[in-house]
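First the structure, in the form of structure tokens, and then the observations on it.
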Amino acid sequence: MDNLENKNLEKGIQLDFQKDMSYGDYLRLDQLLSSQHRLSDHHDEMLFIIIHQTSELWMKLILHELNAAIACIRQNDLEPSFKMLSRVSRIQQQLIQSWSVLSTLTPSEYMQFRDKLGRSSGFQSYQNRLIEFALGNKNARTLAVYQHQEELYPLMVKALNEPSIYDAAIFALAAHGLEVDEKALNRDWSQNYEPNVSVEEAWLTVYRNTDQYWDLYELAEKLVDIGNQQQLWRFNHMTTVERIIGHKTGTGGSSGVTYLKRVLDQQFFPELLSLRTKL
């Protein structure tokens, strides 16, 4: 068998990596694949750890793309942002699918290692919080969770006080000559955005004149895609938790499923949803 494998190998394939960087070296797989430490002997704890670690990696990429897109939009350079936002939507689909993998964990299996989680909870995911901030769901109270992390806390405060991607899109409306109320352009970015009649009128103008405002129209549809995907991720999160723990209190102290259902009421990009009834 060894001889057969050697015969099938192409001559140009690199085999000696004593002096060259290998695939594992580039990806630092020794660190990545040694970061799964079960706190119990239960077989399914590995599933639980890897699903959440993988989700955090995908979230890191979402933030990489979202922040770059926001920068492009604020510079009124919309076209490069479209590829980034399409990528975000595809990543969100991966995250949504991950809940179906986690749902193979049954309630009885989860309860055999749940106590090992202590008070840790997905609510404490700072990357998920940063994504919510970037999409416009601001809540200063959530920052208390990170006060003990001296390097992270200032970054979270900074993100809370920066314009969201929707704020950037509203700037773009004004930059294209559409009339936007000053209250929507100059506000306290740490607060949730409040719907504004002038913004809805501006988006209506875009949707009624797509040939003239095609780039703004495409931006709007990219945002709607992302908002919908984020809601689907939230919904699948809620139904997976409901399937596995029912209505028990969450490990982090929340009401669990009840809290996650309330989160679903927090909509993104309000005028882009409301204008559909007026078109």
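Considering every residue within segment 112-133, establish whether at least one is open to solvent by less than 20 Å² (accessible area, probe 1.4 Å), in contact with a helix residue (DSSP H, G or I) (Cβ under 7 Å, 6 or more places away or on another chain) and closer than 21 Å to residue 274 by Cβ.
No, segment 112-133 contains no residue that is open to solvent by less than 20 Å² (accessible area, probe 1.4 Å), in contact with a helix residue (DSSP H, G or I) (Cβ under 7 Å, 6 or more places away or on another chain) and closer than 21 Å to residue 274 by Cβ.
So residue 137 passes all but one of these: (1) free of Cβ contacts under 8 Å to residues at least 40 places away in the same chain; (2) closer than 30 Å to residue 73 by Cα; (3) part of a loop (DSSP other than H, G, I, E, B). Which condition number does it fail?
(1)
Only one residue in 225, 181, 188, 215 is of a type outside the set (A, V, I, L, M, F, W, C), out of contact with any helix residue (DSSP H, G or I) (no Cβ under 9 Å at 6 or more places or on another chain) and either within 29 Å of residue 56 (Cα to Cα) or open to solvent by 20 Å² or more (accessible area, probe 1.4 Å) (or both). Which one?
188
Which of the numbered conditions does residue 177 fail, given that it passes all the others? Conditions: (1) on the phi > 0 side of the Ramachandran plot; (2) assigned to a helix (DSSP H, G or I).
(2)
Suppose we filter 180, 157, 199 for residues that are at pLDDT 95 or above and under 22 Å from residue 67 (Cβ atoms); which single one remains?
157
Among the listed residues 144, 174, which satisfies the condition of being more than 26 Å from residue 229 (Cα to Cα), buried (at least 16 other Cβ atoms within 10 Å of the Cβ) and either at pLDDT 95 or above or among the aliphatic types (A, V, I, L, M) (or both)? Even if it seems obvious, please write down each step before you answer.
Values: 144 fails: buried (at least 16 other Cβ atoms within 10 Å of the Cβ).
Criteria check complete, one pass: 174.
Scan segment 187-210 residue by residue and report those that are under 30 Å from residue 155 (Cα atoms) and without any contact (Cβ under 8 Å) to a residue 24 or more places away in the chain.
Matches in segment 187-210: 187, 188, 194.
Limited to segment 191-200, what total is found for residues that are surrounded by fewer than 18 Cβ atoms within 10 Å (Cβ to Cβ) and not in a loop (DSSP other than H, G, I, E, B)?
Here the count works out to 2.
So which of 262, 234 ends up being among the charged types (D, E, K, R), at pLDDT 85 or above, surrounded by 14 or more Cβ atoms within 10 Å (Cβ to Cβ) and not in a loop (DSSP other than H, G, I, E, B)?
Result: 234 is the single residue among 262, 234 that is among the charged types (D, E, K, R), at pLDDT 85 or above, surrounded by 14 or more Cβ atoms within 10 Å (Cβ to Cβ) and not in a loop (DSSP other than H, G, I, E, B).
For residue 273, indicate whether it is more than 30 Å from residue 116 (Cβ to Cβ), aliphatic (A, V, I, L, M) and modelled with pLDDT of 95 or more.
no
When you go through (1) in a helix (DSSP H, G or I); (2) farther than 19 Å from residue 59 by Cα one by one for residue 143, which number turns out not to apply?
It is condition (2) that residue 143 fails.
Any chance you could count how many residues in segment 33-59 are in a helix (DSSP H, G or I) and open to solvent by 80 Å² or more (accessible area, probe 1.4 Å)?
So the count comes out to 2.
From the set of residues in segment 60-86 that are free of Cβ contacts under 8 Å to residues at least 12 places away in the same chain and closer than 15 Å to residue 163 by Cβ, which is least open to solvent (accessible area, probe 1.4 Å)?
Selected residue: 71.
Would you check which residues across segment 153-171 are within 17 Å of residue 76 (Cβ to Cβ) and open to solvent by 30 Å² or more (accessible area, probe 1.4 Å) and list them?
Passing the criteria: only 171.
Only one of 30, 16 is over 27 Å from residue 159 (Cβ atoms), open to solvent by 100 Å² or more (accessible area, probe 1.4 Å), of a type in the set (Asp, Glu) and out of contact with any helix residue (DSSP H, G or I) (no Cβ under 6 Å at 6 or more places or on another chain). Can you tell me which?
Selected residue: 30, the only one of 30, 16 that is over 27 Å from residue 159 (Cβ atoms), open to solvent by 100 Å² or more (accessible area, probe 1.4 Å), of a type in the set (Asp, Glu) and out of contact with any helix residue (DSSP H, G or I) (no Cβ under 6 Å at 6 or more places or on another chain).
The values are calculated or read from the model by the stated rules, or taken from the named source; none is laboratory data. Here the structure is a predicted model, which is why all the values come from computation and not from measurement. All Cβ positions, even for glycine, are placed from backbone atoms using ideal geometry, and neighbour counts span all protein chains on display. Surface areas here come from the heavy atoms of the whole protein model, side chains and all, with no ligands, DNA or RNA. Shrake-Rupley method; radii C 1.70, N 1.55, O 1.52, S 1.80 Å.
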